[in-house]
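Okay, so here's the structure we're looking at.
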Amino acid sequence: MTNELPVVLITGASRGLGRGIAVHAARLGCSVIVNYAANKEAAKETITACHKHRVNDDQRFVPVKADVASSRDRQKLLRETLKAFGRIDGLVNNAGVAPRKRRDITEMTEDSFEEVMQVNLQGAFFLTQAVANHWLEKKPEPLLSGGFKIIFVSSISADTVSLNRGEYCISKAGLAMASKLWAARLADQGIQVFDLRPGIMATDMTSAVRDRYEKQLAEGLAPMKRWGTSYDVGRTVAAILSGGLPFSTGEVIYIDGGLHISRL
């Protein structure tokens, strides 16, 4: 089935940052593939939110269950996107997991390391490979201003140490290099690539340490002294999808209230 509206595939879109990204894509007039790993009801809630914010009655929002850590599921995700819409114009690699238990790096387990790597790094890299190869082979005309877009949602943890979740930091540092690699490879093909680095965000992932971060933010850990939200990330993604950065690729964009600024 073909679609004359731009189509954006967002991994991990059932809640948190992914839901905010999906809503802002809907506000731009895009149709959206809402990828989720397990929580079908949460994915439905994202779709309901997208419908509330759509600007065109022809926009569609389709849930696809797939675990990005699985090669078979990644192929399914691309296949279902093309089946539903006949095209893909943007990929947002948002899906990510934290370690199930925070441990000092002297106690990190190989199982935890492998699980985090498979979702956060391997999944995003090889899903990008599949989408990029589709574009390179089929050479479709892009519907997003400025060409096709690939966005990696990495983290301030790509270059900031957390000793009790080292596997997460390593996965995000790898994702930062993946972004550079794909940006360099695809720049002359009309495909832009960006690395977004959220800081301390109000999501399920930080709920267990909310009190500690509340205190640190109040004390100025991030100069803006507040939590980041899915709205902050969604607005940034929307700026990219709408063609707001036409002569940029491989760019790192911090969404962290200034947390990354070195200060004395």
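The values are calculated or read from the model by the stated rules, or taken from the named source; none is laboratory data. Source: prediction; values computed, not measured. Neighbour counts are summed over all protein chains in view; Cβ atoms, including those assigned to glycine, are modelled from backbone coordinates with ideal geometry.
Worth pointing out:
- The residue that is farthest from SER14 (Cα to Cα), counting only those in segment 199-236 that are touching a Leu at 6+ places or on another chain (Cβ under 7 Å) and of a type in the set (Ser, Thr, Tyr), is THR236.
- Within segment 54-75, the set of residues being in contact with a Leu (Cβ under 7 Å, 6 or more places away or on another chain) and either of a type in the set (Asp, Glu) or buried (at least 17 other Cβ atoms within 10 Å of the Cβ) (or both) comprises ASP58, GLN59, VAL64, ALA66, VAL68, ARG74.
- Only one entry in ARG19, ARG87, ARG74, ARG79 is within 22 Å of TRP182 (Cβ to Cβ), of a type in the set (Lys, Arg), in contact (Cβ under 8 Å) with a residue 40 or more places away in the chain and part of a helix (DSSP H, G or I), namely ARG74.
- Filtered by the rule that a residue be assigned to a loop (DSSP other than H, G, I, E, B) and either over 14 Å from VAL193 (Cα atoms) or among the aromatic types (Phe, Trp, Tyr) (or both), segment 119-144 gives LYS139, PRO140, GLU141, PRO142, LEU143.
- Some residue of segment 157-178 being assigned to a helix (DSSP H, G or I), touching a residue at least 60 places away in the same chain (Cβ under 8 Å) and surrounded by fewer than 21 Cβ atoms within 10 Å (Cβ to Cβ): yes
- Whether a residue is farther than 30 Å from ARG103 by Cβ and either of a type in the set (Gly, Ala, Ser) or modelled with pLDDT under 95 (or both) was assessed, and ALA184 passes this test.
- Segment 116-157: number of residues that are closer than 20 Å to LEU77 by Cα and not hydrophobic (A, V, I, L, M, F, W, C): 14
- For segment 103-160, the set of residues classified as more than 14 Å from SER171 (Cα to Cα) and of a type in the set (Gly, Ala, Ser) consists of ALA130, ALA132, SER145, GLY146, GLY147, listed by residue number.
- Residues satisfying the stated conditions in segment 144-156, i.e. hydroxyl-bearing (Ser, Thr, Tyr) and either closer than 16 Å to LEU186 by Cα or buried (at least 22 other Cβ atoms within 10 Å of the Cβ) (or both): SER154, SER155
- Test: ARG210 is within 23 Å of the chain's Cα centre (by Cα), in a helix (DSSP H, G or I) and free of Cβ contacts under 8 Å to residues at least 40 places away in the same chain: yes
- Just one of the listed residues (ARG79, ARG60, ARG103, ARG54) is touching a strand residue (DSSP E or B) at 6+ places or on another chain (Cβ under 7 Å) and basic (Lys, Arg), namely ARG60.
- Residue ID - surrounded by the most Cβ atoms within 10 Å (Cβ to Cβ), chosen from residues in segment 34-53 that are under 13 Å from the mean Cα position of the chain (by Cα) and within 22 Å of GLU4 (Cα to Cα): ASN35
- Pairs where the first residue, in segment 95-113, is over 23 Å from THR203 (Cβ atoms) and the second is buried (at least 19 other Cβ atoms within 10 Å of the Cβ), C-beta under 8 Å, 6+ apart: ILE105/GLY166
- Residue match in segment 99-114 (condition: of a type in the set (Asp, Glu), under 18 Å from the mean Cα position of the chain (by Cα) and either buried (at least 17 other Cβ atoms within 10 Å of the Cβ) or more than 21 Å from ARG197 (Cα to Cα) (or both)): no
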